[in-house]
Amino acid sequence: MPKIVAVTGNEAVAEALRQVNPDVCAAYPITPQTDMMQRFATFANNGKVKTEMILVESEHSAMSACVGAAAAGGRVITATSSQGMALMWEVLFIASGSRLPIVMPLVNRALSAPLNIHGDHSDGMGARDCGWIQLWSENAQEAYDNAIQAFRIAEHMDIRLPVMICLDGFIISHSIERIEYLDDDTVKNFVGEYKQLNPLLDVEHPVSYGPLILPDYYMEFRRAQAEVMTKVADVVLNVAKDFEKISGRKYGLFETYRLDDAEIGLVILNSAAGTSKDVIDEFRNRGIKAGLLKPRLYRPFPYEEVGEALKHLKAVCVLDRADAFGASYGPLFMDIASSIYPYKDKPILINKIYGLGGRDYLPEHAELVLNELAEIAKTGKVKTFKEYIGVRD
Amino acid sequence: MAETLEIRWHGRGGQGTVTAAKVFADACLSGGRYVQAFPEYGPERSGAPLRAYNRVSSKELRMHCPVLRPNIVAVVDATLLDGIDVTEGTPDDAVFIINSSRDPKELREKLKAKPTQKVFTVDATKIAIECFGRPMPNSPMVGVLAKVSGIVSLDVILEDVKKSFGKKFSQKIIDGNLEAVKRGYEEVREG
């Protein structure tokens with residue numbers, strides 16, 4: 001029987017990790033993730049999991065230990081945020097290039113400088129092209145559900161790639177919400193026994209990890225990595241189908257909200273999507289056809305499916321909780337623009353940067369944007385294609 | 001109760017305000033309700049003013065931002081009234097609960113509350129000192145909130161305090177807190 005509890009996002013994900021009971025966890029504390037790994041370390045210390053905890057001296061070491069343990073043949077986890085992820089940077093590529101199915105919750109937080117511990121998406125966006133699969137989560141329930149599904153996706157024999165589960169720092173990680181836990185056996189059966197692939201510790205069948213590959217083969221290797229990315233979406237959908245059977249909760253590559261007959265729409269990630277949905281209902285009550293698309297599988301990005309879902313709209317605003325300095329637009333905007341690019345008839349796209357460093361995203365911000373979109377849909381005229389909202393002049 | 005009950009807590013670091021919001025959310029889970037409890041995270045310092053929030057609803061709670069129009073405002077430390085406008089954003093039928101030994105009528109004047117708004121007071125600090133010897137007004141405040149909101153019974157709240165405090169404190173402290181919740185529930189005054 002599912003259990004209904006009121007817990008924080010960090011607590012919910014730590015519970016999912018306990019239920020999965022991985023072989024190895026290497027972690028280093030960083031706000032706002034610390035509390036998640038602290039809870040998991042408590043489980044390990046109290047014998048609630050058989051996981052071997054490796055308490056390392058930095059995130060670079062944490063990811064390095066994960067790479068070693070995963071190559072050796074274990075089911076491996078860690079978790080991080082912000083600067084911690086930044087310090088893991090070079091090893092993130094080694095994990096994905098070596099096709100190691102490590103699972104890592106990323107509690108999204110702003111990057112320094114200036115120092116800020118609050119939620120934004122700069123960390124996850126900075127790592128979006130490092131070959132990891134990224135699942136983004138609106139609330140504690142989705143973070144818990146994504147964490148469980150992540151193992152099946154990462155460990156799928158056609159995939160074998162590391163997965164990041166993104167959830168908003170503080171807004172979700174430290175807020176208490178009602179969520180449903182599955183029971184331990186259900187999770188255990190869903191995730192299944194870990195299947196090793198080319199484990200280093202299988203001395204009967206010796207293998208090499210991390211060899212030098214020169215120009216004669218490097219490009220073939222990279223193309224193989226790009227090709228495996230094209231298989232991820234199907235696996236994510238199949239795992240979601242199985243997950244619906246045990247939980248009753250439906251997941252796709254992205255969520256659409258009142259989008260089918262919409263004329264204007266928002267594209268927005270994570271917790272701010274929930275606030276936006278309430279405002280969309282108000283606009284609908286006033287007869288304005290507004291809708292929303294919230295990406296879930298952000299890497300690999302399902303360009304075709306997203307393009308199909310958005311192409312009929314008149315005007316769309318992509319809201320980014322991170323900026324891409326020196327690029328013309330925010331990172332999510334650039335992906336959405338690529339998605340609708342092939343279509344002759346397509347919505348007018350605008351981009352707003354919001355909520356950096358934990359700045360609140362309020363209903364009034366969604367209202368402001370939807371009113372602007374309604375005006376654009378009517379007149380076809382755009383004042384500014386990209387601007388910051390909720391910011392002092 | 002409105003479809004969604006929204007509460008804003010005003011307290012100072014170290015008074016257990018965030019714990020109170022958590023305990024209340026947990027107690028409201030019964031009956032299939034959706035709940036949220038979250039503080040506003042600033043520099044965490046003992047004595048510094050802080051806010052915390054609750055939402056309780058029969059519908060899924062999707063809003064992930066501070067409560068802007070609270071139905072109930074709970075002031076855990078009345079000294080905050082001199083520096084902070086706790087009436088900010090309150091609707092005409094808002095309810096104020098203030099930890100104070102003063103008469104609720106006096107505080108109604110101080111707040112300049114509208115005639116349609118309700119003002120309750122309780123001497124939560126005194127109750128806490130008498131019940132468990134520490135000036136931690138959060139337990140009596142949770143009792144008052146149960147009474148004033150009417151959405152959760154005293155028994156459910158007591159059960160929850162027992163569960164939340166049971167992990168951390170001795171039986172003596174738990175019993176004291178249970179008594180404090182009960183007295184908050186009983187001693188609240190309206191003016």
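The values are calculated or read from the model by the stated rules, or taken from the named source; none is laboratory data. Keep in mind it's a predicted model, so treat the numbers as computed, not measured. Please note: Cβ atoms are built from the backbone with ideal geometry, for glycine as well, and neighbour counts cover all protein chains shown. Side chains are part of the model used for accessible areas, which takes the heavy atoms of the whole protein and leaves out ligands, DNA and RNA. Shrake-Rupley method; radii C 1.70, N 1.55, O 1.52, S 1.80 Å.
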Tally of residues being more than 12 Å from residue B:141 (Cα to Cα) and either in contact with an Asp or Glu (Cβ under 7 Å, 6 or more places away or on another chain) or at pLDDT below 90 (or both) across segment B:13-29: 3
Per-region count, segment A:74-94, residues buried (at least 24 other Cβ atoms within 10 Å of the Cβ) and out of contact with any Cys (no Cβ under 7 Å at 6 or more places or on another chain): 8
Every residue from segment A:102-114 that is out of contact with any Gly (no Cβ under 7 Å at 6 or more places or on another chain) and open to solvent by less than 40 Å² (accessible area, probe 1.4 Å): A:102, A:103, A:104, A:105
Quick check on residue B:126: is it among the basic types (Lys, Arg) and either open to solvent by less than 60 Å² (accessible area, probe 1.4 Å) or not in a loop (DSSP other than H, G, I, E, B) (or both)? yes
Kindly indicate whether residue A:284 is under 16 Å from residue A:147 (Cα atoms), open to solvent by less than 100 Å² (accessible area, probe 1.4 Å) and not assigned by TED's automatic domain parsing to the domain that holds residue A:146. no
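Let's see how each residue does on (1) closer than 25 Å to residue A:63 by Cβ; (2) open to solvent by less than 50 Å² (accessible area, probe 1.4 Å):
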residue	(1), (2)
A:135	yes, yes
A:138	no, yes
A:181	no, yes
A:185	no, no
A:204	no, no
If I go through segment A:303-320 residue by residue, how many of them are under 21 Å from the mean Cα position of the chain (by Cα) and open to solvent by 10 Å² or more (accessible area, probe 1.4 Å)? 4
If a residue must be touching a residue at least 40 places away in the same chain (Cβ under 8 Å) and within 27 Å of residue A:21 (Cα to Cα), how many such residues does segment A:194-227 contain? 9
Positions within segment B:52-77 being of a type outside the set (S, T, N, Q), within 11 Å of another protein chain (Cβ to nearest Cβ) and assigned to a strand (DSSP E or B), in sequence order: B:52, B:53, B:55, B:56
Extreme residue, farthest from the other protein chains (Cβ to nearest Cβ), among residues of segment A:242-275 that are closer than 14 Å to residue A:373 by Cα and open to solvent by less than 40 Å² (accessible area, probe 1.4 Å): A:264
What do you reckon, is residue A:208 within 20 Å of residue A:323 (Cα to Cα) and out of contact with any Gly (no Cβ under 7 Å at 6 or more places or on another chain)? no
Which condition number in (1) away from every other protein chain (no Cβ under 14 Å); (2) touching a residue at least 40 places away in the same chain (Cβ under 8 Å); (3) assigned to a helix (DSSP H, G or I) is the one that residue A:41 fails? (2)
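Matching residues to (1) open to solvent by 40 Å² or more (accessible area, probe 1.4 Å); (2) away from every other protein chain (no Cβ under 11 Å); (3) part of a strand (DSSP E or B); (4) among the basic types (Lys, Arg):
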{"position": "B:27", "(1), (2), (3), (4)": "no, no, no, no"}
{"position": "B:50", "(1), (2), (3), (4)": "yes, yes, yes, no"}
{"position": "B:79", "(1), (2), (3), (4)": "yes, yes, no, no"}
{"position": "B:84", "(1), (2), (3), (4)": "yes, yes, no, no"}
{"position": "B:87", "(1), (2), (3), (4)": "no, yes, no, no"}
{"position": "B:92", "(1), (2), (3), (4)": "yes, yes, no, no"}
Counting just the residues of segment A:143-179 that are without any contact (Cβ under 8 Å) to a residue 60 or more places away in the chain and buried (at least 21 other Cβ atoms within 10 Å of the Cβ), which one comes out nearest to the other protein chains (Cβ to nearest Cβ)? A:150
Of the residues that sit in segment A:115-132 and are within 19 Å of residue A:318 (Cβ to Cβ) and assigned to a loop (DSSP other than H, G, I, E, B), which one is most open to solvent (accessible area, probe 1.4 Å)? A:129
Restricting segment B:160-188 to residues that are touching a residue at least 60 places away in the same chain (Cβ under 8 Å) and within 26 Å of residue B:34 (Cα to Cα), the residue that is most open to solvent (accessible area, probe 1.4 Å): B:163
